[in-house]
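Some notes on the structure that comes next.
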Amino acid sequence: MSEPQQQEDQEQAARPRASDDEVRARIEAALYSSGRALDAEQLAKAAGISSKKRAIDEAKAIQSRMKAMLSAVEVVEYPGQRYAMQLKAEYTSVARKFATKPLLSKAALRTLSFIAYFQPISSADLALRRGSQAYDHLKDLEEVGFLAWERKGRSRLYRTTTEFSEYFGLSTDPQTLKHQLERRALILR
């Protein structure tokens with residue numbers, strides 16, 4: 001065993017065992033603050049426990065407790081036993097009015113909707129449709145994890161990520177996503 005690993009194990013053994021309430025509170029805090037889905041390992045680390053199974057059980061307990069107690073906030077389970085705390089879709093318009101600082105500008109969101117609708121799309125094609133400011137939007141969108149790209153010749157082809165779909169409550173399937181965007185009138189042709 002490596003020296004840093006031994007030191008970490010010794011520190012963990014020296015720490016007092018966290019109560020069930022403390023473990024649950026730590027997982028709840030991690031879900032609340034992360035803004036993305038967390039897997040069992042991340043939940044266990046946040047709780048200060050080694051059992052991934054216990055971390056998942058606690059996330060499920062939080063999920064059912066929130067479902068019974070709260071109307072607008074929910075804990076959602078995503079594939080791969082990942083959990084996220086989020087606002088229910090029907091309350092986003094209310095929350096938007098009171099949000100202090102949006103994650104992305106309206107222009108960046110419009111660029112994101114073009115990418116989602118026309119993916120995969122090259123940066124050059126995107127700049128033709130959205131203007132040269134689209135290059136700045138691409139940087140912002142990559143930074144928050146909503147875009148992935150692959151090289152094709154000298155150009156990059158952009159597409160949305162799973163994080164994008166999870167954040168906005170949309171499908172990961174490109175055709176279904178396209179229909180969802182059309183139904184919600186989120187795309188300007």
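The values are calculated or read from the model by the stated rules, or taken from the named source; none is laboratory data. Keep in mind that what you see is a predicted model, and the values were worked out from it rather than measured. Methodologically, a virtual Cβ is constructed for each residue, glycine included, from the backbone with ideal geometry; neighbour enumeration extends over all protein chains shown.
Go through the residues of region 129-147 one by one and say whether even a single one is part of a strand (DSSP E or B) and buried (at least 18 other Cβ atoms within 10 Å of the Cβ). Scanning region 129-147 turns up at least one residue that is part of a strand (DSSP E or B) and buried (at least 18 other Cβ atoms within 10 Å of the Cβ). Identify all residues within region 75-123 that are at pLDDT below 90, polar (S, T, N, Q) and part of a loop (DSSP other than H, G, I, E, B); write none if there are none. Scanning region 75-123 gives Thr100, Ser105.
Scanning region 133-181 for residues that are within 17 Å of the chain's Cα centre (by Cα) and among the hydroxyl-bearing types (Ser, Thr, Tyr) gives Thr160, Thr161, Thr162, Ser165, Tyr167, Ser171, Thr172. From the list Thr172, Thr176, the lone residue that is in a helix (DSSP H, G or I), polar (S, T, N, Q) and surrounded by fewer than 16 Cβ atoms within 10 Å (Cβ to Cβ) is Thr176.
The residue that is modelled with the highest pLDDT, among those in region 164-182 that are within 14 Å of Phe114 (Cα to Cα) and of a type in the set (A, V, I, L, M, F, W, C), is Phe164. Within region 27-44, track down each residue that is part of a helix (DSSP H, G or I) and surrounded by fewer than 16 Cβ atoms within 10 Å (Cβ to Cβ). Passing the criteria: Ala29, Tyr32, Ser33, Ser34, Glu41.
Do we have Glu150 as of a type in the set (Asp, Glu) and either buried (at least 18 other Cβ atoms within 10 Å of the Cβ) or not in a helix (DSSP H, G or I) (or both) here? Taking the combined requirement at face value, the residue satisfies it.
For region 75-95, the criterion of being more than 25 Å from Ala30 (Cα to Cα), surrounded by fewer than 16 Cβ atoms within 10 Å (Cβ to Cβ) and acidic (Asp, Glu) is satisfied by no residue at all. Evaluate the following for Arg159: is it touching a strand residue (DSSP E or B) at 6+ places or on another chain (Cβ under 8 Å) and among the basic types (Lys, Arg)? Here the answer is yes, as Arg159 does meet what is asked. Please go through region 92-120 and give me each residue that is closer than 21 Å to Trp149 by Cα, among the hydrophobic types (A, V, I, L, M, F, W, C) and over 18 Å from the mean Cα position of the chain (by Cα), ordered by number. Scanning region 92-120 gives Ala107, Phe114, Phe118.
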